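Heads up: the structure comes next, in structure tokens.
Every number here is computed from the coordinates shown, using simple stated rules; none is lab data. None of the values given here were measured: they were computed from a predicted structure. Backbone-built Cβ (ideal geometry, glycine too); neighbour counts: all protein chains shown.
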Amino acid sequence: MAEVRFLVSKYNSETDAKPRLQEFRLDPPQGATLLDCLNLIKWKLDGTLSFRMSCRSAICGSCAVRVNGHARLACKTQAADAVIDGRVTIEPLGNMTLIRDLVVDLEPFWASVEKVRPWLVPDDSKKYERERLQSHHDQLKIDAASTCIMCASCFSDCNVMEVDPKFLGPAALAKAQRFVFDTRDAEKWDRLELLGQIHGMWDCTHCAECSTRCPTDAKPLERITELRRAAMAAGMTDNNAARHVLGFRESIGGFKGIGGSGMLNENYLPVRSMGLSIGGILSLIPVGLRMFARKKNPPLIPHVIEKVGEVRKMFRRFDEYNKEGEK
Amino acid sequence: MITHDVVIVGSGLAGLRAAIEMAGKVDVAVVSKVYPSRSHSGAAQGGVAAAMANSSDDSVESHFFDTVKGSDYLADQDAAEIMTRDAPVTITEMERLGCVFSRDEKGRIAQREFGGHSHPRACYAADRTGHALLHTLFEQSMKHKAAVTYYSEWYLLSLIYEEGSARGITMMNIRTGELEVVRAKTVLFGTGGYGRAFKITSNAFACTGDGVMTAYRAGIPLEDMEFVQFHPTGLYGQGILMSEAARGEGGYLVNGKGERFMDKYAKSKMELAPRDIVSRAEQTEINEGRGIGGKDFVHIDLRHLGREKIIERLPQIRQLAIDFLGVDCIDKPIPIQPTAHYSMGGIPVDVDCQVITDEKKTKARGFFAAGECSCVSVHGANRLGTNSLLDACVFGRRAGKAALDYTLSARHESVNEAAELGKARKRLDALLSTPETESANDIRNELKETMSNHAGVYRGAEGLLVAKAALKLLRERFKSVRVTDKGKLFNTELVEALELSNMLEYSEIIVEGALARRESRGAHARTDFPKRDDANWLKHTLARKNADGSVSLGYKPVVITKYQPEERKY
Ligand SMILES: Cc1cc2nc3c(=O)[nH]c(=O)nc-3n(C[C@H](O)[C@H](O)[C@H](O)COP(=O)(O)OP(=O)(O)OC[C@H]3O[C@@H](n4cnc5c(N)ncnc54)[C@H](O)[C@@H]3O)c2cc1C
Ligand code: SF4
Ligand code: SF4
Ligand code: FES
């Protein structure tokens, strides 16, 4: 490969006011990953460059950084694929406090995961001498979520996280899916209840950033969608969040017999989901303002959802499912 | 100074399993240079052995025998028997803690074939078994958070060991650079292996034998360090692992002439012969010019397995070959070569993981070790695939139980905080104030080159002597190593220098042990002594540090209870 200009973020919280991009020129060897390049820079050009790494085989989750603005595993990214016009920019993950160069404080990330009680709560009423049985089919329901390597890429790039640091966040929700759908777990309903609270699963705006950045099959948005379906199917609609989805349903699915617009009116959603509680609506204002300030506010003209027919079908199925449940 | 009842160093399978055993019963701290979920155990792919007999008429007896035979009869049979007997209950427990295992058609834990095992015995979670097990324990560690104190991203600097008893450790907070002394009644190491000293290795950057060397410097001898396993299927160039599951599922090894060459070396087991045998077969093919295009690699061919099986059973392997070599194994064979993989040697312990300090098996008070950093010895001269995750789980659990018993009746012993801090500080200051004329990177590369060339798959006296001389020079040069980062926060350059000092020192022990052992056994293959020599060498090496820093070797008998050594044929 020809010489590449690596623009790498350098920062020391003890001495620097803010991070700066430093340029390193390097000719990456054939087949080099970005982690190989970072190591070459560290070992040959600037020993003080600091970043995390361990396995170098995309399984330990240590080496996530922002490459040209988006979170990726440095060890899973071929340098050749990251170069744009002879340059690559490498910066620390977002949504966390910077400590040094490419190293951020991960504590908020771990804390978010801990919040979902991420351990199996078995049904202790039954005694087993051997392993519990679980069909291949049931195991597959938790297979994807269980591939998460806790790299925090999703957490870094999640838009809601950026405006609401109390949001559970994609990795924690993906992790939660793994227990809600585990046939061996006894707390499915309590878990859904917990996830349904404010700052929980209903606060996700489906931007899909997390799934796009996720280097494994964990794909948080897909897991969040499964969780929401499970909550709706269980009739867990009596809270702000589910009302949010009902609002969503009305917005696209048709409200009280009147054909819906097929448009997602995100500005209408908060009002609907908080019901008529003034306090509730007021509590959203800071989030709204922050969203506005960071240009993350929903578009004033609602966008037409692709495949709206599919979404409507989905809601019709929910309705049928719920009715069956009532019988 | 911080005080805990127990300080565990290492948050891989062994360390976390021990912690969970003690959580809530005594005050436990877990120290680790990486966050728990990032420990190297997570990289294990293929499976964990246990005679669950889910898909065959397997038995503990058969697992026991396979392990002893695989070890080339160097395993201590009392330990191997305990490990294989404890295996089913340990795996059942992991399942009950929530581990996501792949399942068979009856809903039981699925099991597959693995090299050297006579039955399908490897319980697995696709090809990310270590990840599934480690994350299960990580989950449990969050459950027990109130009962266990975690010091993640802290680096172990020294073991405080005086008058036959371990009293604590010193450590550095990587994030802030601050030094701390931890005083404890019991110290337990689960610090992992030492495979990083080789050029081609499957090991994570963190596998630098820190715990092993910390014990050694404190006066504990090290057992069987010359036994390093080379795995036959490392991705060409770097050595990233292509799990043995690739062969377990039916992959072929093919040389440059398009031949399935294993029929020349292990006619009945073919590709599923134990690792040492397959690695030597590959190396012989390569050395004799039958690598692919005459180069230093051969192929593993999975194409005949078909897309569906590859995607279901070997997804991670496929992805690794795509990410790192741009090869999709569905339509192309993968270039591979032997890669340094597992450290059979380590800190000598008894079957309850208490550290022993000499040939007479004198116990170190308050010091335990489990997992890859320890040598029980269940793997002897060659570990069977899937037996090391098992080792870490079984002995992590046993270590937890034994350390708990010990701690309940032990007291804190005195520690001179200022003196310990002073020693640790001095070691760091020395690294930060050298003449700065030598590059750590050059030293590390030369070390890896030396070890791969002369202490790798094949070894001979001539090469080992070359290595010995080279290592001496490298250690000399290391005294002038450049650490340009003088800061406190996240000084990874300093951490890497500490790791390199460990690599240099244990490499010497590997070379000394290999030079002395004038036979070929398991993973230790001497070109000049190609036969196993039970009359003289059916014994464990114990390497000890002399006052002048040199290595002296002693030996300890092998425990043989049931199976008399016989020739190992596959
Ligand atoms: C790529 C690969 C695949 C494998 N596949 C399999 C398999 O399929 N089946 C099988 O049975 N085995 C397999 N193995 C081997 C197996 O994974 C290991 O032997 C086992 O996981 C070791 O576990 P451990 O708990 O002893 O150590 P590790 O998981 O390596 O943990 C070591 C811990 O010690 C800590 N530590 C080390 N030094 C310091 C220090 N200075 N300060 C603080 N903390 C420190 C680390 O942070 C880490 O937490 C594989 C190994 C590799 C390399
Ligand atoms: S889809 Fe939801 S969880 Fe994922 S990044 Fe967007 S807002 Fe965050
Ligand atoms: S869900 Fe994906 S992106 Fe998020 S932490 Fe897990 S592996 Fe990383
Ligand atoms: S170094 Fe482990 S994921 Fe990249």
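Can you find a residue in the stretch B:57-76 that is aliphatic (A, V, I, L, M) and in contact with a strand residue (DSSP E or B) (Cβ under 7 Å, 6 or more places away or on another chain)? Full working, then the answer.
The initial filter retains those residues of the stretch B:57-76 that are aliphatic (A, V, I, L, M), namely B:60, B:68, B:74-75.
When the remaining residues are screened for being in contact with a strand residue (DSSP E or B) (Cβ under 7 Å, 6 or more places away or on another chain), the result is B:74.
Yes.
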Within the stretch A:54-66, of all residues that are touching a Leu at 6+ places or on another chain (Cβ under 7 Å) and on the phi < 0 side of the Ramachandran plot, the one farthest from ligand 1 (Cβ to nearest atom) is A:R66
Out of (1) within 16 Å of ligand 4 (Cβ to nearest atom); (2) under 25 Å from B:L137 (Cβ atoms), the one A:L102 does not meet is (2)
* To do: Please indicate, with yes or no, whether at least one residue in the stretch B:76-85 is within 14 Å of another protein chain (Cβ to nearest Cβ) and crowded, with 20+ Cβ neighbours inside 10 Å.
  => no
Within the stretch B:488-530, the residues that are among the hydroxyl-bearing types (S, T, Y) and part of a helix (DSSP H, G or I) are B:T492, B:S501, B:Y506, B:S507
For the stretch A:136-151 the number of residues that are facing chain B (nearest Cβ under 7 Å), more than 14 Å from ligand 3 (Cβ to nearest atom) and touching a residue at least 12 places away in the same chain (Cβ under 8 Å) is 0
The residue that is surrounded by the fewest Cβ atoms within 10 Å (Cβ to Cβ), considering only those in the stretch A:1-34 that are of a type in the set (A, V, I, L, M) and within 22 Å of A:T97 (Cα to Cα), is A:A17
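Here's the yes/no breakdown for (1) in contact with a helix residue (DSSP H, G or I) (Cβ under 7 Å, 6 or more places away or on another chain); (2) crowded, with 18+ Cβ neighbours inside 10 Å; (3) among the small types (G, A, S):
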site	(1), (2), (3)
B:G400	yes, yes, yes
B:V415	no, yes, no
B:L421	no, no, no
B:P435	no, no, no
B:S439	no, no, yes
B:R444	yes, yes, no
B:A455	yes, yes, yes
Note: among A:C55, A:C63, just one is within 11 Å of another protein chain (Cβ to nearest Cβ) and under 18 Å from A:D157 (Cβ atoms), namely A:C63
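Here's the yes/no breakdown for (1) within 14 Å of chain A (Cβ to nearest Cβ); (2) touching a residue at least 40 places away in the same chain (Cβ under 8 Å):
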| residue | (1), (2) |
| --- | --- |
| B:I286 | no, yes |
| B:G294 | no, no |
| B:H304 | no, yes |
| B:R318 | yes, no |
| B:V327 | yes, no |
| B:P335 | yes, yes |
| B:P338 | no, yes |
Exception for B:T484 within (1) exposed (fewer than 15 other Cβ atoms within 10 Å of the Cβ); (2) of a type outside the set (A, V, I, L, M, F, W, C); (3) away from chain A (no Cβ under 14 Å) falls at (3)
The residue that is surrounded by the fewest Cβ atoms within 10 Å (Cβ to Cβ), considering only those in the stretch A:96-111 that are within 10 Å of chain B (Cβ to nearest Cβ) and part of a loop (DSSP other than H, G, I, E, B), is A:D105
Counting only residues in the stretch A:208-222 that are within 16 Å of ligand 4 (Cβ to nearest atom) and assigned to a loop (DSSP other than H, G, I, E, B), the one farthest from the other protein chains (Cβ to nearest Cβ) is identified as A:C214
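Run down A:P165, A:P108, A:P170, A:P92 and say which single residue is closer than 30 Å to B:L489 by Cα and within 16 Å of ligand 4 (Cβ to nearest atom).
Values: A:P165 fails: within 16 Å of ligand 4 (Cβ to nearest atom); A:P108 fails: within 16 Å of ligand 4 (Cβ to nearest atom); A:P170 fails: within 16 Å of ligand 4 (Cβ to nearest atom).
Residue meeting the stated conditions: A:P92.
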B:F64 vs (1) outside any helix (DSSP H, G or I); (2) away from chain A (no Cβ under 14 Å); (3) in contact with an Asp or Glu (Cβ under 6 Å, 6 or more places away or on another chain): all pass except (1)
Considering the stretch B:181-198, residues that are within 14 Å of chain A (Cβ to nearest Cβ) and more than 16 Å from ligand 4 (Cβ to nearest atom), and then whichever is farthest from B:I160 (Cα to Cα), we arrive at B:G193
